[in-house]
Amino acid sequence: MLEKAGHDVWEAANGIEALESYRLQPADLAIIDIIMPEKEGIETIMDLRRKYPDTKIIAISGTGLESPFLIMSKHLGADYIIDKPFTEKEIMGGIEEIMEV
């Protein structure tokens with residue numbers, strides 16, 4: 001759906017791959033799942049925020065918007081949080097909201 005909307009998209013299977021990919025080719029926005037193998041989302045968000053403070057970050061999880069995981073991700077650097085499953089309108093609305101300058 002993001003590519004269809006004209007965005008370039010890079011995928012990573014886990015937080016380690018995401019950070020390495022980001023180091024090689026920084027992006028304006030990172031969408032980070034909270035539950036990931038090898039390096040979970042909260043730690044990945046903290047590393048992105050520390051190393052690339054201007055990056056916009058959306059945290060996603062299927063644990064509910066009131067879950068400690070999403071709330072913590074917001075406090076630790078996510079600009080926007082969204083619960084899975086989400087609609088195209090919800091994710092695109094979040095992207096538009098945080099990318100506005």
Near pairs, Cβ below 6 angstrom, 6+ apart or cross-chain, from the stretch 5-29 (more than 17 Å from residue 41 (Cβ to Cβ)) to any residue that is at pLDDT below 95: 9/2; 9/3
Over the stretch 10-28, the set of residues open to solvent by 60 Å² or more (accessible area, probe 1.4 Å) and either closer than 19 Å to residue 94 by Cβ or of a type in the set (Ser, Thr, Tyr) (or both) is 10, 11, 28
Does residue 44 satisfy the criteria of being under 18 Å from residue 93 (Cα atoms), among the hydroxyl-bearing types (Ser, Thr, Tyr) and out of contact with any Ser or Thr (no Cβ under 9 Å at 6 or more places or on another chain)? no
Would you confirm whether any residue within the stretch 29-49 is in a loop (DSSP other than H, G, I, E, B), open to solvent by 90 Å² or more (accessible area, probe 1.4 Å) and closer than 17 Å to residue 97 by Cβ? no
Do we find a residue being touching a helix residue (DSSP H, G or I) at 6+ places or on another chain (Cβ under 8 Å) and outside any helix (DSSP H, G or I) anywhere in the stretch 18-27? no
Would you be able to tell me the number of residues in the stretch 50-63 that are of a type in the set (Lys, Arg) and surrounded by 16 or more Cβ atoms within 10 Å (Cβ to Cβ)? 1
Residue list for the stretch 75-100, restricted to those being open to solvent by less than 30 Å² (accessible area, probe 1.4 Å) and in a loop (DSSP other than H, G, I, E, B): 77, 78
For residue 4: the one exception among (1) part of a loop (DSSP other than H, G, I, E, B); (2) under 12 Å from the mean Cα position of the chain (by Cα): (2)
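The values are calculated or read from the model by the stated rules, or taken from the named source; none is laboratory data. The model shown is predicted, which means the values in this text are computed figures rather than measured ones. Positions of Cβ are backbone-derived with ideal geometry, glycine not excepted, and every protein chain shown enters the neighbour counts. Surface areas here come from the heavy atoms of the whole protein model, side chains and all, with no ligands, DNA or RNA. Shrake-Rupley method; radii C 1.70, N 1.55, O 1.52, S 1.80 Å.
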